[in-house]
Amino acid sequence: MAEFSLDLNEEQRDLRDWVHGFAAEVVRPAAAEWDEREDTPWPVIQEAAKVGLYGFEFLATCWADPTGLSLPIASEELFWGDAGIGLSIFGTSLAVAAIYGAGTPDQMVEWVPQCFGDIDSPTVAAFCTSEPEAGSDVGAMRTRAVYDEATDEWVLTGQKAYATNGGIAGVHVVTASVDPTLGSRGQAAFVVPPGTPGLTATRKLRKLGLRASHTADVFLDGVRVPGRCLLGGRDALLERLDRARSGQRATGQAAMRTFELSRPTVGAQALGVARAAYEYALDYAKDRVQFGRPIIENQAVAFALADMRTEIDAARLLVWRASWMGRNNRPFTAGEGSMSKLKAGEVAVSVTEKAVQLLGGAGFLRDHPVERWYRDAKIYTIFEGTSEIQRLVISRAISGMQIR
Ligand SMILES: Cc1cc2nc3c(=O)[nH]c(=O)nc-3n(C[C@H](O)[C@H](O)[C@H](O)COP(=O)(O)OP(=O)(O)OC[C@H]3O[C@@H](n4cnc5c(N)ncnc54)[C@H](O)[C@@H]3O)c2cc1C
């Protein structure tokens, strides 16, 4: 087990500085343009692929860090540059994590490279689980997967909502119910290979924030995928269904654990947005003169900045703790993964709101990036489990009771 230390090692410091450099030089200068265009920033994704920030090798290097801190460090820096572009670059990792978490070694070898495409012409991937009637209530999923024994194919039918990269992705990873009587325990994940007939999507949904990131509803109309596209394989699925039908406990509540493990990384993205807004507001408060002195010389302003910094640092400690625990197989007995995402998401919302306030009228204008950060921050109390769902996970963990 790796020691938990707040002293970053040399590799982590190099990673942080390298991603920060990319965020400062490539991402941030492009952020306003792609936010306005509400379009996928393909040139930036290409640049990220070229320098090695977009691709499985990069993710694998981060995952290999025994402290678990590399991915949150990289995420914070990239999303400090811009959250919409950041999600365009890191959104693929949701699908990759699903393949990595549920797939067999053969499936990883076959599908993971296809999620990213080539360095010269990168592709993106989508992870589609939310549905119009099943957001927080994952067990209410209606998309069905039916096995066709004659052709050894799975037939997927249903609708997915709000999929990041939905429709523009090559690989779509789709969750579906194979046995609706079992709720979330009757669900499985499938790879839908690029170009599969029957998968269509709406045009890009128009959003409050993260406008550079593509979000769309995805329709599955009798989509046929080969048997090998069922992640984990059919034998493992049948065994899991048998266990659920005979009332046995799910081993380690696999789906829950996957979510808990990915939440600290999403919290780290929120931290990047919060830190960007805090740094900008700090500089502004030192420069802006009213009543003959910089506004930071008023305690009300300085204390607001002190609170912003304190909250960001507190949230980072929770994110790093959960990342370290997840990587070192420490059980989240108090919902520590959810705590990290809950705190970081709410800090991002409050810090960006304070930053707008500290800039006064300038904070409300598109001439300054804080209005964009304020719009982007809000997603972090909504996706990957809303703040209420995080509180539900934590309260169930600390009480051992079925809180509703
Ligand atoms: C920009 C964006 C990108 C997204 N990307 C993806 C993606 O790539 N893949 C994907 O599958 N999904 C994605 N989502 C979907 C996202 O995960 C869901 O929107 C989220 O889980 C909430 O579900 P919902 O919108 O249906 O809200 P609902 O579940 O309808 O919730 C509405 C409100 O009710 C509250 N609520 C619900 N149940 C309870 C309860 N038991 N106790 C207390 N309060 C409760 C919620 O907290 C919320 O405030 C994305 C969403 C957005 C906006």
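Structure remark: mean-square fluctuation, Gaussian network model of the chain, C-alpha springs under 10 Å; the largest value among 302, 188, 83 belongs to 302.
For residue 54, the solvent-accessible surface with a 1.4 Å probe is about 20 Å², rounded to the nearest 10. The 3J(HN,Hα) values that the Karplus relation (6.51, -1.76, 1.60; θ = phi - 60°) gives for the stretch 149-166 are, in residue order, 4, 4, 10, 6, 10, 9, 10, 9, 9, x, 9, 10, 10, 6, 6, 5, 6, x Hz. Gly and Pro appear as x.
For the chain, give me the percentage of DSSP beta bridges that are antiparallel, rounded to the nearest 5 percent. Just about 90 percent of them are antiparallel. Taking θ as phi - 60° and the Karplus parameters 6.51, -1.76 and 1.60, the scalar couplings of the stretch 37-45 work out to 6, 6, 9, 6, x, 4, x, 6, 4 Hz in sequence order, x denoting glycine and proline.
Straight-line reach from residue 207: which lysines have a Cα under 16 Å away, not including same-chain ones fewer than 8 places off? Counting by Cα, and skipping residues close in sequence, residue 207 has these lysines nearby: 378. Over the residues of the chain, the helix contribution to mean residue ellipticity at 222 nm works out to -16500 deg cm²/dmol, using -39500 (n - 2.57) for each DSSP H run of at least 4.
Between the alpha-carbon centres of the stretch 1-69 and the stretch 105-150 there is a gap of 24 Å.
Give me the dipole magnitude in Debye, nearest 20, for the stretch 10-116 about the Cα centre, with unit charges on the beta carbon: positive for Lys and Arg, negative for Asp and Glu.
Values: 5 positive and 18 negative charges, 26 e Å.
Using Cβ point charges on Lys, Arg, Asp and Glu, the stretch 10-116 gives about 120 debye.
Counting only lysines at least 8 places from residue 204 when in the same chain, those with an alpha carbon closer than 17 Å to its own are 160. Contact order for the chain, expressed relative to its length and based on alpha carbon pairs under 8 Å spaced 6+ residues apart, stands at 16 percent.
For residue 325, the accessible surface of its heavy atoms amounts to roughly 20 Å² (probe 1.4 Å, protein chains only, rounded to the nearest 10). Take the Kirkwood radius over Cα pairs of the chain, plug it into Stokes-Einstein at 4 °C and 1.567 mPa s, and you get 59 µm²/s for translational diffusion.
Across the protein chains, with a 1.4 Å probe defining accessible surface, the residues 401, 1 rank 1, 401 from largest area downward. Think of a 1.4 Å ball rolled over the protein heavy atoms: the chain then has 46 Å² of accessible area per residue. Straight-distance candidates among the lysines for linking to residue 286, with alpha-carbon spacing under 16 Å and chain neighbours fewer than 8 residues away dropped: 354.
The values are calculated or read from the model by the stated rules, or taken from the named source; none is laboratory data. Being a predicted model, the structure only gives us computed values, none of them experimental. Counting neighbours? That spans all protein chains shown, and the Cβs are built from the backbone with ideal geometry, glycine included. The protein model used for the area step is the full one, side chains on, heavy atoms only, and it has no ligands, DNA or RNA in it. Shrake-Rupley method; radii C 1.70, N 1.55, O 1.52, S 1.80 Å.
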